[in-house]
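Colleague: Here it is: the structure, laid out below.
The values are calculated or read from the model by the stated rules, or taken from the named source; none is laboratory data. Keep in mind it's a predicted model, so treat the numbers as computed, not measured. Positions of Cβ are generated from backbone atoms using ideal geometry, with glycine treated the same way; all protein chains shown enter the neighbour counts. In case anyone asks, the SASA skips ligands and DNA or RNA and just uses the protein heavy atoms, side chains included. Shrake-Rupley method; radii C 1.70, N 1.55, O 1.52, S 1.80 Å.
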Amino acid sequence: TNLVFGDGNPNAKVMLVGEAPGADEDRLGKPFVGLSGQLLDKMFSFIGLERSKNIYISNVIPWRPPGNRTPTPQETAQCLPFIQRHIELINPELLIMVGGTSIKALTSSNDGIVRLRGKWKPYQTEGMSSPIKSTAIFHPAYLLRSPGQKRETWADLLNIKHTLAEMGHA
């Protein structure tokens with residue numbers, strides 16, 4: 001129903017990119033506002049990050065796929081240039097890919113979230129003058145279904161906090 005473009009501080013040094021909006025996001029026109037968004041906000045608040053101050057959030061796909069299904073590879077391919085340009089315009093220092101769909105779209109990797117989460121990789125598009133640091137975390141919707149993975153996510157968050165401190169953004 002609604003375009004879900006982005007939310008947060010467009011001058012933030014940290015950008016999160018998720019998969020696609022769910023029902024709540026579609027209704028309100030903002031990414032990560034449902035239960036998983038509440039968890040995401042809580043997770044990042046533990047390391048001193050807030051969407052109103054120092055995070056910017058968007059999605060690979062800016063609309064809710066019918067039936068809330070996973071976006072098709074064709075939909076992802078069609079939207080990829082737009083999210084890449086979105087990242088270029090925000091120009092973050094850290095890019096955090098939220099969930100497996102985001103990783104696969106932005107990195108063209110066939111590796112899953114379990115293998116890629118918590119590791120820093122350079123991310124660069126043709127429109128960027130130099131690469132930025134990127135990492136991946138489990139999607140909060142997954143954490144709501146699989147609370148046993150919260151320990152790994154806590155380690156990932158501490159890693160993000162440590163990296164920000166190293167970059168002078170404590």
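Colleague: When you scan the stretch 128-162, how many residues do you find that are in contact with a Ser or Thr (Cβ under 8 Å, 6 or more places away or on another chain) and in a helix (DSSP H, G or I)?
Modeller: Counting residues in the stretch 128-162 that are in contact with a Ser or Thr (Cβ under 8 Å, 6 or more places away or on another chain) and in a helix (DSSP H, G or I) gives 7.
Colleague: Yes or no: Gly37 at pLDDT 95 or above, at positive phi and out of contact with any His (no Cβ under 9 Å at 6 or more places or on another chain)?
Modeller: no
Colleague: Of the residues that sit in the stretch 144-170 and are more than 16 Å from the chain's Cα centre (by Cα) and among the basic types (Lys, Arg), which one is most open to solvent (accessible area, probe 1.4 Å)?
Modeller: Arg151
Colleague: Here is a further query. Restricting to the stretch 120-143, what's the tally of residues that are open to solvent by 90 Å² or more (accessible area, probe 1.4 Å) and either acidic (Asp, Glu) or in contact with a helix residue (DSSP H, G or I) (Cβ under 9 Å, 6 or more places away or on another chain) (or both)?
Modeller: So the count comes out to 2.
Colleague: Go through the stretch 101-127 and give me each residue that's in a helix (DSSP H, G or I) and in contact (Cβ under 8 Å) with a residue 40 or more places away in the chain.
Modeller: Matches in the stretch 101-127: Thr101, Ser102, Ala105, Leu106.
Colleague: Six or more apart or on different chains, Cβ atoms under 7 Å: show the pairs whose first residue is in the stretch 59-82 and farther than 19 Å from Leu28 by Cβ and whose second is hydroxyl-bearing (Ser, Thr, Tyr) and not in a loop (DSSP other than H, G, I, E, B).
Modeller: Close Cβ pairs (under 7 Å, with a partner that is hydroxyl-bearing (Ser, Thr, Tyr) and not in a loop (DSSP other than H, G, I, E, B)) amount to Thr70/Thr101; Pro71/Thr101.
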